[in-house]
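Below: one structure, written as structure tokens.
The values are calculated or read from the model by the stated rules, or taken from the named source; none is laboratory data. The model shown is predicted, which means the values in this text are computed figures rather than measured ones. Because the Cβ atoms are built from the backbone with ideal geometry, glycine has one as well, and the counts that use them run over all protein chains shown. These area figures cover heavy atoms from the full protein model, side chains too; ligands, DNA and RNA do not enter into them. Shrake-Rupley method; radii C 1.70, N 1.55, O 1.52, S 1.80 Å.
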Amino acid sequence: MHINPYGHDPVCLAADLANHPPESVDELVTRCLEAGLSREWTPGPEDLVRVRALLARWTDVVDADPGPNRAERLNVLLASGTAHPRLTDHDGHWHLHYRDADLSLAGVLHALIATGTAMHLAGRGMDRLGRCAVDECRLIYADTSRTGRRRYCSTRCANRDGVRRHRARAS
């Protein structure tokens, strides 16, 4: 079985970009390429502003309660940035794209993040996106674990919270 690449990687890239917003178009391009995004776009100065606006709307999806409210917000994001699926072989392998051709970097990210988030939540569960349980952290995470019980953005935060709970019980 081939797992569709629109789930895990784009939702993790969205979390990374939302948690640590890029400061420049060059940084945005570098991080997208490092995340494995195929370069089928030419970056422009407006991409940074448009991606930041996209991430703010995506964060609204993250912060919505799992279920109908989250689905409604994500459906709006999907409707505003995706296209009907189409087959493409631009890289020598046939696969689906959920976007029009010749989009800007921001347009490609919109389609990838919206579709990837929808596939992630539909395939793994509507509760598989959240914020770190450590109050002073609150970074976003995409739960890609087998068990679906992730509550922290990182092992560091999980350990820190575990130590805090242990010390509270001991006192």
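Taking first residues from the range 22-49 that are over 14 Å from residue 104 (Cα atoms) and partners that are modelled with pLDDT under 95 and open to solvent by 40 Å² or more (accessible area, probe 1.4 Å), the Cβ contacts under 7 Å between residues at least 6 apart in sequence or on separate chains come to 33/39; 35/9; 36/9. Taking the conditions (1) assigned to a helix (DSSP H, G or I); (2) open to solvent by 50 Å² or more (accessible area, probe 1.4 Å); (3) β-branched (Val, Ile, Thr) in turn, residue 108 satisfies each one other than (2). If I filter the range 37-85 down to residues being within 19 Å of residue 129 (Cα to Cα), polar (S, T, N, Q) and open to solvent by less than 80 Å² (accessible area, probe 1.4 Å), which single residue comes out as nearest to the chain's Cα centre (by Cα)? Here the residue is 59.
When residue 25 is tested against the conditions (1) open to solvent by 50 Å² or more (accessible area, probe 1.4 Å); (2) over 15 Å from the mean Cα position of the chain (by Cα), the lone failure is (1). Evaluated against (1) assigned to a loop (DSSP other than H, G, I, E, B); (2) under 17 Å from residue 21 (Cα atoms); (3) modelled with pLDDT of 95 or more, residue 43 falls short on exactly one condition, (3).
For the range 120-149, a residue qualifies if it is out of contact with any helix residue (DSSP H, G or I) (no Cβ under 8 Å at 6 or more places or on another chain), touching a residue at least 12 places away in the same chain (Cβ under 8 Å) and open to solvent by less than 90 Å² (accessible area, probe 1.4 Å), and the qualifying residues are 123, 125. Checked against (1) over 16 Å from residue 78 (Cα atoms); (2) modelled with pLDDT of 95 or more; (3) in contact with a strand residue (DSSP E or B) (Cβ under 7 Å, 6 or more places away or on another chain), residue 138 passes all but a single condition, namely (2). Mind checking whether some residue in the range 64-82 is out of contact with any helix residue (DSSP H, G or I) (no Cβ under 7 Å at 6 or more places or on another chain), under 26 Å from residue 145 (Cβ atoms), part of a loop (DSSP other than H, G, I, E, B) and of a type in the set (D, E, K, R)? There is at least one residue in the range 64-82 that is out of contact with any helix residue (DSSP H, G or I) (no Cβ under 7 Å at 6 or more places or on another chain), under 26 Å from residue 145 (Cβ atoms), part of a loop (DSSP other than H, G, I, E, B) and of a type in the set (D, E, K, R). Taken over the range 114-150, the criterion of being out of contact with any Leu (no Cβ under 9 Å at 6 or more places or on another chain) and more than 17 Å from residue 8 (Cα to Cα) is satisfied by 133, 134, 135, 136, 137, 138, 139. The requirement of being assigned to a helix (DSSP H, G or I), aromatic (Phe, Trp, Tyr) and in contact with a helix residue (DSSP H, G or I) (Cβ under 7 Å, 6 or more places away or on another chain) is fulfilled somewhere in the range 55-63, by at least one residue.
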